[in-house]
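Bear in mind that the values in this text are calculations on the coordinates, not laboratory data. Every value quoted in this text rests on a predicted model; they were computed, and no experiment measured them. Positions of Cβ are generated from backbone atoms using ideal geometry, with glycine treated the same way; all protein chains shown enter the neighbour counts.
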Amino acid sequence: MTAEPQKKTPFVPEVLGRSDYAIIGEIVEPNTKVLDLGCGEGELLQWLAENKGVDARGVEISGARVKHAISRGVSVYQGDIDEGLADYPDQAFDYVILSQTLQQTHHPLKVLHEMLRVGRRAIVAFPNFGHWTVRFTMMFRGGAPKTKLFPYDWYDSPNIHFLTVHDFEALVSAERLVVERRYFLAGHRKIHAFPNLLTEVAVYLIRAQ
Amino acid sequence: MIVQASCVRFESLSLDNGATLAPVDVAYETYGELNPSKSNAILILHAFSGDAHAAGISHETGKPGWWDNMIGPGKAFDTNKYFVICSNILGGCRGSTGPSSINPATGCPYAMSFPVITIADIVRLQKMLVDSLKIDRLLSVAGGSMGGMQALEWAVAFPDRVVSAIPIACTTRHSAQQIAFNEVGRQAIMADPDWNDGNYYDRKPPARGLAVARMVGHITYMSDDSMREKFGRRLRGKENFGFDFDVDFEVESYLRYRGSEFVNRFDANSYLYITKAMDYFDLTNGNSTLAAAFSASQARFLVISFSSDWLYPSYQSQEIVRALRSRNCDVAYCELQSNYGHDAFLVDVAEETDLIRGFLASTYEKVQ
């Protein structure tokens, strides 16, 4: 693994219209084996297969999305992330990706440990609940936050576990996981100061000790 | 697309039960062109009552194939791109050797002297056909129901001969419920005096028994929803109950029609032998677990089930997927929403087409 890149430009390009995908695309080494949890319609996996030559697999709970993913040639199976990894043998993948889904799982910690059982490394991207817009709306509106990052009303939000950059750092440290790389994104910019306040989406590359 | 059946004869086939069948005929059809590198061949495996005529319009009968909505130019199995083969199974009655074939030793039909066959025997004969066509590796083996079981058997028995497998609406082994329905069908046939211990080829066949067996089968192929939608409690050509045991309800009329129509195209003894082969099928055979059965398999899998299929429920497809995942095999799985029950794989093909087209295209790309 290369060290955390110190690029001069603070800007992150887009992959499929998303800067967190660009980061993931940067992290994943070519010709590896990748499992994407909550892979949606398989866009990222298809991109990784075409651009990085990875052996791409996915899990997705929505039948309609699975259908689209398989139609585009990606090997996706319809299943629940919370239960779905048990069948995989240990260390079956080089990377297990969880992109903006951790906050939607019922047992995030269990999912994290399962990811690191079936994969040598885990890539976790999540929206930061500590972002200043969230704090601002709670402070001044007094309602459940509804922002660009968390666009749902409280009653139809798929997000059930809210976490901040700070929370995630505390968790990996308590669980003695190794953070190989961390990226803090706000739009297309990389954040270097006050990440817990300014990060919209955080991307972590972690592994077990 | 007008198609013509071909037939190839093999000297002999050794069977799981120890017997040898000689000679053995295989009726088959092909669609599309085999490419020069022979990398675009797909073997379609038919379900219980299917035959070699999977697609196109039959030269002999003028009828479309049983999966004509899935196989052809621009369809799921695109014959502009792929070379598609379908053969009648061993034990069948549509051109391949089965109980109605003449036993060369006696000059009479085998009838019940035909050996009891297995899905593995059926697949071994298909492999002989593929060998005779000089195809080393099939791009895919695909089928629904019993066709799916054959696809699984192919992947396990000849792992180096298949690039991918598409088992649809099927199982790795019959449950008690599935065996039970088959047994009802067999008993209906054997209870018909015209069955005559299987010796009816020179006289009246057991039409009533076979028709009842087919009626039971048809119920299991539909769903509560699809039957309600198709028939409800509508009466057939009358305003009031007849207060007799003629046809009152539409559903009765439909089942009687399906039953009697089946008699004209299917052999009762084939019914017995093929259902037995399905009931005996167990992919774990000789292995401690299902996952162990897949240990040599290198194939890519697309597993499909249908939400309203209660004959081959989704949990059975999920068992296949779980076993494959535990071997870290490349597997895609989707449960498609459909009201058509088990029949969905034959009739509700729009989404099935999308899945198979994408899966085959990406698989084909990998072998180029």
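Annotations
- Fraction of antiparallel bridges per DSSP, chain B only, in percent to nearest 5: 40
- Mean sequence separation of contacting Cα pairs (under 8 Å, at least six apart), scaled by the length of region B:280-351, corresponds to a relative contact order of 34 percent.
- Inverse mean reciprocal Cα-Cα distance (Kirkwood Rh) of region B:1-143, Å: 15.6
- Excluding exposed DSSP-loop chymotrypsin sites (Phe, Trp or Tyr not before Pro) (at most 11 other C-beta within 10 Å), longest clean stretch of chain B: B:1-240
- In the elastic network of chain A, a GNM with C-alpha springs shorter than 10 Å, the most mobile of A:R181, A:R57, A:R117 is A:R181.
- Listed residues B:G147, B:W195, A:P30: farthest to the positive end of the dipole of the protein assembly as shown (Cβ charges): A:P30
- Proximal charge balance of B:L360 [Cβ under 9 Å; K/R count +1, D/E count -1]: +1
- Over all directions, the projected convex hull of the C-alpha atoms in region B:178-276 averages 7.3 nm² in area.
- Put a plus charge on the Cβ of each Lys and Arg, a minus charge on the Cβ of each Asp and Glu, and nothing anywhere else: the dipole of chain B about its Cα centre is then about 480 debye.
- Antiparallel %, DSSP beta bridges [both residues in the protein assembly as shown], to 5: 40
- Plainly put, the protein assembly as shown has a radius of gyration that is 1.06 times its Kirkwood radius, both from alpha-carbon atoms, as the Rg/Rh ratio.
- Inter-chain Cβ neighbour count for B:351-363, averaged per residue, equals 4 (cutoff 10 Å, partner chain atoms only).
- Counting neighbouring Cβ atoms within 10 Å and putting the fewest first, the residues A:E175, B:E365, B:E250 line up as B:E365, A:E175, B:E250.
- Cα-Cα pairs of chain A separated by more than 22 Å (percent): 49
- Charge context of B:R203, other residues only, Cβ under 13 angstrom, K/R +1, D/E -1: -3
- Point-charge dipole on Cβ atoms (K/R +1, D/E -1) for the protein assembly as shown, about Cα centre, debye to 20: 1300
- Only DSSP H runs of four or more residues enter the estimate; each adds -39500 (n - 2.57), and after division by the residues of chain A the mean residue ellipticity at 222 nm equals -9000 deg cm²/dmol.
- In terms of distances greater than 26 angstrom between alpha carbons, the cross-link table entries A:K33/B:K75; B:K134/B:K366; A:K110/A:K190; B:K75/B:K276 yield A:K33/B:K75; A:K110/A:K190; B:K75/B:K276.
- Cα centroids of region B:176-237 and region B:55-90: 27 Å apart.
- Extent along principal axes [Cα atoms of chain B; Å; largest to smallest]: 66, 51, 46
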